[in-house]
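Contents: one structure, followed by commentary.
The values are calculated or read from the model by the stated rules, or taken from the named source; none is laboratory data. Only a predicted model underlies this, so the values are computations on that prediction, with no experimental measurement involved. A quick note on method: Cβ atoms are made from the backbone with ideal geometry, for glycine too, and the neighbour counts reach across all protein chains shown.
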Amino acid sequence: CGLTNVVEITVEDGKVIISPVSHSRQGWEEAFKEMAENGDDELLIDDRIENYWDEEDWKW
């Protein structure tokens with residue numbers, strides 16, 4: 001059944017569901033590889049968001 005010492009418990013439609021804890025970022029490596037192969041891995045926004053206060057308001 002795939003259950004270990006740690007489980008996730010949720011309630012759906014009046015039913016208690018006990019399931020194995022999924023690991024964060026599970027499957028991400030394969031998904032990113034597929035995105036790169038398909039050319040879908042470009043940034044959607046600039047990697048630097050410019051703000052006037054970055055230059056004017058910070059005190060170093």
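Per-residue answers, yes or no, for (1) surrounded by fewer than 10 Cβ atoms within 10 Å (Cβ to Cβ); (2) assigned to a helix (DSSP H, G or I); (3) touching a Pro at 6+ places or on another chain (Cβ under 7 Å); (4) in contact (Cβ under 8 Å) with a residue 12 or more places away in the chain:
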| residue | (1), (2), (3), (4) |
| --- | --- |
| 2 | yes, no, yes, yes |
| 5 | yes, no, no, no |
| 11 | yes, no, no, no |
| 25 | yes, no, no, no |
| 29 | yes, yes, no, no |
| 35 | no, yes, no, no |
| 46 | yes, no, no, no |
| 50 | yes, no, no, no |
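Would you point out which residue out of 14, 39, 27 is modelled with pLDDT of 95 or more and of a type in the set (Gly, Ala, Ser)?
It is 14.
How about region 2-42: which of its residues are of a type outside the set (A, V, I, L, M, F, W, C) and in contact with a Ser or Thr (Cβ under 9 Å, 6 or more places away or on another chain)?
Within region 2-42, 2, 8, 10, 19, 20 qualify.
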